[in-house]
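Read the figures in this text as sums done on the coordinates, not as results from a lab. The structure presented is a predicted model; accordingly, all values stated were derived computationally and were not measured. Using ideal geometry, Cβ is built from the backbone for each residue, glycine included, and neighbour counts are taken over all protein chains shown.
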2 protein chains.
Amino acid sequence: MVKIDEVARAAGVSISTVSYALSGKRPVSAATRTRIESAVEELGYRANAGARMLAGSRTQIFALTEPFRPDTFAPTHMAFVLATSIAARRQDYDILLLTEEDAADGMRRVADSGLVDGILVLDVAPADRRVALARQLDIPSIFIGVPDDHHGLTCVDLDFEAAAALAVDRLFEAGHRVVGLIGHPAIAYENSNFPPRVRAGFEDACARREVSGLFRTTGGPVVEIAVVRAAVADMLAEGVTGFVLHGGDDAHAAVLEELAAHGRAVPDDVSVISVGATFDPASFSVPLDAIPLIPASSCDLAVDLAMRSLGSTPPEPGVHLIPPTYRAHGSVGPPATS
Amino acid sequence: MVKIDEVARAAGVSISTVSYALSGKRPVSAATRTRIESAVEELGYRANAGARMLAGSRTQIFALTEPFRPDTFAPTHMAFVLATSIAARRQDYDILLLTEEDAADGMRRVADSGLVDGILVLDVAPADRRVALARQLDIPSIFIGVPDDHHGLTCVDLDFEAAAALAVDRLFEAGHRVVGLIGHPAIAYENSNFPPRVRAGFEDACARREVSGLFRTTGGPVVEIAVVRAAVADMLAEGVTGFVLHGGDDAHAAVLEELAAHGRAVPDDVSVISVGATFDPASFSVPLDAIPLIPASSCDLAVDLAMRSLGSTPPEPGVHLIPPTYRAHGSVGPPATS
DNA sequence: TTGAAAGCGCTACCAA
DNA sequence: TTGGTAGCGCTTTCAA
């Protein structure tokens, strides 16, 4: 609508001075700046996006590729999209959605057309087709999640192995010697990168501590409450006294229900720790100790890395693992001495 | 990367001919077109997005504003985002996410900067701040959902009133005279535009049919299973024999569990119809008759209206209600003659 | 500290 | 059916 020359005229300066005053890329006297700013304000000026993309070197847009799969856990997914968007806006960037079946096409399209400055990759699979593509494109890609082959890639994620290990450690320290991991639906161990990492962290920690560690999925392709409850019942029968929960709020609730159905109190009879949840595990009937997955932590870092990748000193490729944090809510205690 | 003049040189034609061949806005001889197309293919040419936005009149981007509220039902929300994105891509449009707290700021920003050609408005509240803004902007906005004051707006949605009425009609025809609507969490009746419409359609239909209609919310701010089950128990005590379910899959499941707990079989003892669900109500333990909310229907139409709004003959503003469809799965029958 | 002007890579008008 | 070219509205270099 209103263009830069109108602002220049209103402020009695040249076009270039307006541009520099707004970008801050060249010093502008305070008086001039003030005049320009009020002209901008009055006229409601906003730089034309297309002209900026063409003349400048930045589009101020990041693409976000997020394949929607049937087994996607919607609330977590939404939380990551939101966190990414907020982090981007904080840096004056917008988010362009790439949800096409073939995410690879979209990535290539937006990269080759110069529509975006970088790509944020969500919901990473262990063997993700977007990995190979990211290496070819001439704009940076940041992976939120860690694919199996991440050579040369920049990845950000919670340190799920450490998170699971931390949970086992806490249970061990409390005295538990038989612990169980209630995971995700079986298919998530193929489609997603982090459930296997939780499992691996859990199993490694159990081996290291010489505690007995049981693992069960929660059905599939989507969570099946009955499967969850059966898993809990089986584990109780096997002598499990410490539970590690990785999964959605529905699976969490089902575990607590099944424990209640068996008359096991938390933490008096059994201990429970939630790992990698994006919801609030303190809001259950029994507030649960948690090692949460905080979308903002990953997304802020991812956007930060994307920004730095555009700068003159891009960061080295590599995996950035965010250390887990433990939030106690009283759901862990010594095992019952029956 | 590779620019239009390289394509022109490779194909032995002028720049403008390349442009016209690709846009189809001017006839190009088959031979020339073929040469150009293979040059494009070989060189991997893709028109620069910024240049296109600046020179052309279209950005090929729609904004999608989707406020994330705590009570947002994530799966449905995701389904709409996905459906919108797919519909847009089909028209060669990309989707730019607007999730900022103050959606109004984002709308104004992308409109004033010419970043997008139009705005799709999701998750519409009865009194939505985006309504006033949409009227000011000089790009078209399409609302997916119907705000209270929709004068001059273009809105698209399932005809929820008709959907609820259809459910009541079917129950009435089957012989039910006391029916109950299990709705959404209470807060949704203030934050969202469609739960009140379902309720209104239900109550009107009940009045028209002279059947007794009970209504209950499902707790709040988020669904509370215990509240759902209590609502069902109360309704059974009040003699309800036909249930209309509007809500998430968790609420549906809770209703079926509570019915089972009371020993009421579907459809022998009670009848159940799901209204406005985006998931598959045929996949429950008891397959449910459904009047579904199909995101693709609304989103395809919304994108279509957005496209037409950019054309030379923009559609009249108005509310486009999509007629409900009934899918029978055997969960409706005559009431038990006890 | 500021201004003038040369592009950025397209689209679409005017000619041929 | 095709080509030349004037912008589109900025950013940034070169000058002052």
Springs between alpha-carbon atoms under 10 Å, Gaussian network over chain B: tell me which of B:137, B:166, B:54 tops the mean-square fluctuations. B:54
So which trypsin sites (Lys or Arg not before Pro) in region B:55-95 end up in coil per DSSP with only 16 or fewer other C-beta atoms within 10 Å? B:58
Rounded to the nearest 20 Debye, what is the dipole magnitude of chain B about its Cα centre when Lys and Arg each give +1 and Asp and Glu each give -1 at the C-beta? 1260 debye
Nearest 20 debye, what's the magnitude of the dipole of region B:4-54 about its Cα centre given +1 on Lys and Arg Cβ and -1 on Asp and Glu Cβ? 240 debye
With springs only between Cα atoms under 10 Å apart, run a GNM on chain A and tell me which of A:199, A:33, A:108 wobbles the most. A:33
Can you list the copy-to-copy distances for residue B:207, using a point 7 angstrom from Cα toward Cβ, in nanometres, shortest first? 7.0
R0 = 56 Å: FRET efficiency of residue A:151 with residue B:212, Cβ-based, nearest 0.05? 0.25
Which of the GluC sites (Glu not before Pro) found in region A:182-255 are in a DSSP loop and have at most 15 neighbouring Cβ atoms, other than their own, within 10 Å? A:210, A:238
Using the alpha-carbon centroid of each, what span in Å lies between region B:266-338 and region B:47-80? 25 Å
Any idea what the residue B:38 label distances to the other copies are, label 7 Å down the Cα→Cβ vector, nm, shortest first? 6.5
If you build the Cα gyration tensor of region A:4-54 and take the root of 5 times each eigenvalue, what three semi-axes come out, in whole angstrom, biggest first? 17, 13, 9
To the nearest 500 deg cm²/dmol, what mean residue ellipticity at 222 nm is calculated for chain A from DSSP H runs of n ≥ 4 alone, each contributing -39,500 (n - 2.57), summed and divided by the residues? -13500 deg cm²/dmol
Given label points at 7 Å from Cα along Cα→Cβ, what nm distances, shortest first, separate residue A:108 from the same residue in every other copy? 4.2
Full extension from residue A:337 to residue A:132: what is 0.36 nm times the residue separation minus their Cα-Cα distance, to one decimal in nm? 68.4 nm
For region A:189-247, with +1 on Lys and Arg beta carbons and -1 on Asp and Glu, the positive-most of A:214, A:239, A:202 along the dipole: A:202
With chain B treated as a Gaussian network of Cα nodes joined by springs under 10 Å, which of B:17, B:278, B:65 yields the largest mean-square fluctuation? B:17
Quick check: convex hull of the Cα atoms in chain A, volume per residue, rounded to a whole Å³? 156 Å³
Give me the Debye-computed log₁₀ of I(q)/I(0) at q = 0.06, 0.08 Å⁻¹ for the protein assembly as shown, equal point scatterers on Cα only, no solvent, two decimals. -0.41, -0.72
Here, residue A:101 and residue A:269, labelled 7 Å along Cα→Cβ, have an inter-label distance in nm of 5.0 nm
About its Cα centre, how strong a charge dipole does region A:160-291 have in debye, to the nearest 20, once Lys and Arg get +1 and Asp and Glu get -1 at the Cβ? 200 debye
Indicate the gyration tensor shape class of region A:160-291 (rounded, prolate or oblate), computed on the Cα atoms with a ≥ b ≥ c the square roots of the eigenvalues: a/c under 1.5 is rounded; otherwise a/b larger than b/c is prolate and the rest oblate. rounded
Only sites in a loop by DSSP and with at most 12 other Cβ atoms within 10 Å count here; which GluC sites (Glu not before Pro) in region A:22-101 make the cut? A:101
Simple spin-label estimate for residue B:190 and residue B:23 in nanometres, 7 Å along Cα-Cβ: 5.1 nm
Looking down the axis that turns B into A, which residue of B has the closest beta carbon, and how many Å out? B:74, 2
When the Karplus curve 6.51 cos²θ - 1.76 cosθ + 1.60 is applied with θ = phi - 60°, which whole-Hz ³J(HN,Hα) does each residue of region B:218-229 get, with x for Gly and Pro? 10, x, x, x, 10, 4, 10, 4, 4, 5, 4, 5
